[in-house]
1. Among 169, 181, what is the fewest-to-most ranking by other Cβ atoms within 10 Å?
2. I need the phi-derived Karplus couplings for segment 202-215: 6.51 cos²θ - 1.76 cosθ + 1.60, θ = phi - 60°, integer Hz, Gly and Pro marked x.
3. Taking Cα pairs under 8 Å and at least six residues apart, what relative contact order does segment 168-242 come out at, in percent?
Amino acid sequence: MKGCFTVLALLATQFWVPWTNCAFALAAAPVTSSRNSAGEYQAWRVLAAKTLGSRVDANSLATAAALKFAGRAARSRPAAGNPDSSVPALELIARASELAPQSAGIAWLHLALCAQTPACGVRDVATIMRWVDADNGAAWMPTLAAAQKAAETNNLRWAAIARGLGIIYFAILPSDYTEEYRQRVANAATATQEACAKLAGHATIPWCPAEWKSTLQVWGPARPDFPQMQKVKSVFDPQNILSPGRFAPNL
């Protein structure tokens, strides 16, 4: 059991790993005292990742991916010829996801690794996460991170509340209601809506000062089915006299 905690300690600063993976990492981590140097832990991690990565079950591959990713994050620069980088962590976790497509824990780990890797297409991974575990708000982590970055880039305070149904309320809190702050809010809101759209989601602005509504995309960017919505409305309102502009733009 101590060996198991040794492996988990290596990962604790990065992300949570499903407890079911612990047993597969047990044999790869020798039980020793706390006096081991960082170099010894690094060697154990590399050995454990290599051993688990050679197996064919989903849990072993997922744990190997986590170990490799933790090691990559611990290094400021990837070392040339490093045996730890022979098989990328994303490749391992992708294989694990294919072997266990219904595993919520593996899907979450895949999303966590993908979200922290610039070249990874997070939209497809997040979509799979929502299929596997629809009530898990982790699928919206990249969007929440983008919203936070957008608010802080524009020097705006923010707060967030997540509901179990996959709905996130992200409040942008301007210090004033001047034109300067309206523009900051508009920039942050647009960036958030774009990030949400990349994950096949949709972001709206349910509350804001009334005088700002005409200058903000309160309904977010138009969805792919917007032309069909226009056709339906034109049938019932050919003169466009029923609350024009109260819903999506030009509707």
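No lab work stands behind these numbers, since they all come straight from the coordinates. Just so it is clear, the model here is predicted, and its values are computed rather than measured. No Cβ is skipped: glycine too gets one built from the backbone with ideal geometry, and neighbour counts run over all protein chains shown.
1. In order of increasing Cβ crowding within 10 Å: 169, 181.
2. Karplus-based 3J(HN,Hα) across segment 202-215 equals 8, 10, 10, 10, x, 9, 6, x, 4, 6, 8, 4, 6, 10 Hz.
3. Result for segment 168-242 is 21 percent.
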